[in-house]
Amino acid sequence: MTLRPLTHADTRRLAEFLGALSPESRRFSTFGGYDLATARELCDAIARYDKLRLVLEDVPSGRVVGLLEFSLALTPADIARYQDAGLRLTETTDCRFGPTLADDYQGRGIGTLAFPLVTEVARLLGRPRIILWGGVRADNPRAIRYYEKNGFRPVGFFTEPDGSLSLDMMLDLRPAPGRTGLSTRRSHP
């Protein structure tokens with residue numbers, strides 16, 4: 001596997017990736033479509049907006065098996081929901097993140113292996129806090145476990161336009177107050 005920036009040359013392979021997503025995966029994603037037009041739109045947006053899109057590629061086959069998206073802009077809805085939960089979001093500290101994996105790669109640990117790279121990208125972008133792009137559907141326990149395992153903490157629930165329940169979650173990459181890194185204490189037998 002390799003994780004790399006999305007390029008214009010990925011349009012056709014990205015369309016194949018999107019088109020192969022199951023109805024269940026599509027229900028949990030935020031794409032406006034799952035076809036060549038959507039893939040073309042995503043690729044045409046490279047370096048034009050506040051987005052950074054990375055693809056997870058199976059090297060031997062060249063198949064796109066994941067799309068990881070970062071947004072440096074916050075939506076008014078995100079800001080309002082987090083403010084209601086007592087958290088102030090700012091575009092100088094926060095970014096949005098949304099991963100999508102091919103159905104046959106879900107549950108295999110690929111997302112967990114890629115996650116240190118995700119946090120490194122956020123740090124390189126100067127964003128010590130990551131929120132989920134559109135939250136996570138409350139009826140997606142596997143995704144919630146994944147996010148919790150990788151340090152995200154629940155912030156609050158909200159209702160989607162279709163009436164379903166979603167959960168906002170945040171990952172703060174800054175050290176906790178009072179912690180300076182590795183402990184220098186030694187234990188004695």
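The values are calculated or read from the model by the stated rules, or taken from the named source; none is laboratory data. All values reported here derive from a predicted model rather than from experimental measurement. As a convention, Cβ positions derive from the backbone with ideal geometry for all residues, glycine included, and neighbour counts pool all protein chains shown. Surface accessibility is based on the protein's heavy atoms, side chains included, excluding ligands, DNA and RNA. Shrake-Rupley method; radii C 1.70, N 1.55, O 1.52, S 1.80 Å.
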Candidates A85, A39 - the one that is out of contact with any Gly (no Cβ under 6 Å at 6 or more places or on another chain) and among the small types (G, A, S): A39
Residue within the stretch 43-65 that is open to solvent by 50 Å² or more (accessible area, probe 1.4 Å), in contact with a His (Cβ under 9 Å, 6 or more places away or on another chain) and not small (G, A, S) present: yes
Matching residues in the stretch 145-161 - criterion: being surrounded by fewer than 14 Cβ atoms within 10 Å (Cβ to Cβ) and not hydroxyl-bearing (S, T, Y): R145, E148, K149, R153, F157, E160, P161
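Return the only residue of G109, G156 being modelled with pLDDT under 90, out of contact with any Cys (no Cβ under 7 Å at 6 or more places or on another chain) and farther than 20 Å from L18 by Cβ. Before you say what the answer is, go through the steps one by one.
On the way: G156 fails: modelled with pLDDT under 90.
Result: G109 is the single residue among G109, G156 that is modelled with pLDDT under 90, out of contact with any Cys (no Cβ under 7 Å at 6 or more places or on another chain) and farther than 20 Å from L18 by Cβ.
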Members of the stretch 85-131 found to be assigned to a loop (DSSP other than H, G, I, E, B), open to solvent by less than 40 Å² (accessible area, probe 1.4 Å), in contact (Cβ under 8 Å) with a residue 40 or more places away in the chain and closer than 12 Å to L173 by Cβ, listed by number: R127, P128
The stretch 89-116: number of residues that are closer than 21 Å to F31 by Cα and hydroxyl-bearing (S, T, Y): 2
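Limited to the stretch 71-84, what total is found for residues that are closer than 19 Å to S29 by Cα, surrounded by fewer than 16 Cβ atoms within 10 Å (Cβ to Cβ) and of a type in the set (D, E)? If you could, list the steps in order and put the result at the bottom.
Residues of the stretch 71-84 closer than 19 Å to S29 by Cα: 71-75, 77-78.
Of the ones still in play, those that are also surrounded by fewer than 16 Cβ atoms within 10 Å (Cβ to Cβ) are 73, 75, 77.
Narrowing further to those that are of a type in the set (D, E): none.
Number satisfying all stated conditions: 0.
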Test: residue in the stretch 23-36 that is free of Cβ contacts under 8 Å to residues at least 40 places away in the same chain, of a type in the set (A, V, I, L, M, F, W, C) and touching a helix residue (DSSP H, G or I) at 6+ places or on another chain (Cβ under 7 Å): yes
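Does D78 qualify as being over 26 Å from T2 (Cα atoms), modelled with pLDDT under 95 and within 16 Å of the chain's Cα centre (by Cα)?
Numbers: over 26 Å from T2 (Cα atoms): yes; modelled with pLDDT under 95: yes; within 16 Å of the chain's Cα centre (by Cα): yes.
Yes, satisfied.
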Scan of the stretch 15-42 for residues that are outside any helix (DSSP H, G or I) and open to solvent by less than 20 Å² (accessible area, probe 1.4 Å), ordered by number: L21, G33
